[in-house]
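Engineer: Let me begin by handing over the structure; questions about it come next.
The values are calculated or read from the model by the stated rules, or taken from the named source; none is laboratory data. Values in this document were obtained by computation on a predicted structure and should not be read as measured data. Heads up, the Cβs are rebuilt from the backbone with ideal geometry, glycines too, and the neighbour counts pull from every protein chain shown.
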Amino acid sequence: MKNLISDDIIHLVNSATNLDFKRSVISEPGWEIEAIRLNDDHFHYSEEPGPLFDIGLINEPSHARVLLKPDRFAGQFVRLVQGALREKPSIWAHFLEAIEMEDIETQVQINEEIVEIHQLPKDRWQTFEIECKKRIPPSEKSNRNEFIKDVITVSLGMILTTNIFEFHDESSEESGLPEGAKTSILVNKYERNLTNRMLCIKHHGTQCWVCEISFEEIYGDLGKDFIQVHHVTPVSQLGTDYVIKPKKDLIPVCSNCHSMIHRNRNDPLMPNQLRKIIGKSEKN
């Protein structure tokens with residue numbers, strides 16, 4: 001089978017999410033498609049050790065089209081996704097509104113029936129599928145990989161936005177901390193969120209926005225795709241109704257610049273302030 005999913009697409013997904021996707025195939029009676037797969041190596045969400053889900057690329061000349069499909073033995077994973085959406089029914093709809101990616105058609109099937117994003121069924125989910133599609137204009141055929149990245153980002157982002165892959169951090173120990181520490185935790189929560197990180201790197205890449213360092217240029221393969229994500233929106237604008245805008249609110253930064261931005265926890269620097277300190281010109 002021809003590698004329709006290029007190495008740079010897999011690198012984007014793995015570096016942006018800190019997960020470990022591998023090449024795979026989705027096989028059904030009468031057809032099979034190339035895919036990338038996330039295995040249940042660390043999460044123990046499947047009923048038996050093995051795959052959690054695949055994202056398969058459907059080969060259509062005029063469209064970038066992918067299908068996200070849980071493994072048939074990943075029942076616990078399916079129930080966790082449903083549980084997250086039962087608790088916050090609008091997160092998929094809000095995500096699709098906030099990602100700032102135009103012309104992507106998204107269709108969800110639950111228990112083999114097409115459903116509306118705003119009206120997800122409350123009955124137990126046995127399985128689900130997410131299909132995303134974006135037309136590739138004839139003049140953009142040479143940029144096909146970028147269109148594939150867009151639809152993979154949207155389908156995977158819908159899973160990541162449920163936060164079922166988020167690990168415990170200090171945010172769960174927030175009670176009793178001084179206000180400055182609580183502010184720092186709130187910002188960290190946005191910066192560490194896997195969905196936000198993926199959307200940021202998809203748009204900006206992995207070069208530091210401030211000092212313009214590339215870890216790969218200095219450390220070779222060891223530094224490939226390594227970067228942190230910084231949330232630039234002032235904390236006063238964050239809150240329960242805040243909707244993140246990845247292209248505007250998030251930038252990739254190296255660990256040194258990130259530490260310097262947050263050196264004063266109560267009054268972090270704006271990225272352009274730090275650029276000025278190190279002799280760089282202002283950026284938009």
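Engineer: How many residues does region 250-273 hold that are of a type in the set (S, T, N, Q) and under 18 Å from Glu216 (Cβ atoms)?
Structural biologist: First, pick out the residues of region 250-273 that are of a type in the set (S, T, N, Q): 255-256, 259, 264, 266, 272-273.
From the residues that got through so far, the ones that are under 18 Å from Glu216 (Cβ atoms) too are 255-256.
Going through region 250-273 one residue at a time, the tally reaches 2.
Engineer: Please determine, by comparing only the residues of region 185-200 that are modelled with pLDDT under 80 and among the β-branched types (Val, Ile, Thr), which one is surrounded by the fewest Cβ atoms within 10 Å (Cβ to Cβ).
Structural biologist: Ranking the candidates gives Ile185 first.
Engineer: For Asp225, are the conditions met, namely being out of contact with any strand residue (DSSP E or B) (no Cβ under 9 Å at 6 or more places or on another chain), crowded, with 16+ Cβ neighbours inside 10 Å, charged (D, E, K, R) and at pLDDT below 85? Can you show your working first?
Structural biologist: On the way: out of contact with any strand residue (DSSP E or B) (no Cβ under 9 Å at 6 or more places or on another chain): yes; crowded, with 16+ Cβ neighbours inside 10 Å: yes; charged (D, E, K, R): yes; at pLDDT below 85: yes.
In short, yes.
Engineer: Also, quick follow-up: Output the qualifying pairs, or none if there are none: Cβ atoms under 6 angstrom, residues six or more apart or on different chains, first residue in region 67-95 and closer than 15 Å to Leu38 by Cα, second residue hydrophobic (A, V, I, L, M, F, W, C) and assigned to a helix (DSSP H, G or I).
Structural biologist: From residues that are closer than 15 Å to Leu38 by Cα, the pairs are Pro70/Phe77; Pro70/Val78.
Engineer: Right, here's the next one. Would you check which residues across region 244-284 are acidic (Asp, Glu) and not in a helix (DSSP H, G or I) and list them? Give the derivation first.
Structural biologist: Here is the first cut: in region 244-284, the ones acidic (Asp, Glu) are 249, 267, 282.
Within region 244-284, Asp267, Glu282 qualify.
Engineer: Quick check on my filter: what residues within region 96-123 are part of a loop (DSSP other than H, G, I, E, B) and in contact (Cβ under 8 Å) with a residue 24 or more places away in the chain? So that I can check it myself, show each step before the final result.
Structural biologist: First, the residues of region 96-123 that are part of a loop (DSSP other than H, G, I, E, B): 99-103, 111-112, 116-123.
Correct list: Ile99, Glu100, Met101, Asp103, Ile117, His118, Leu120, Lys122.
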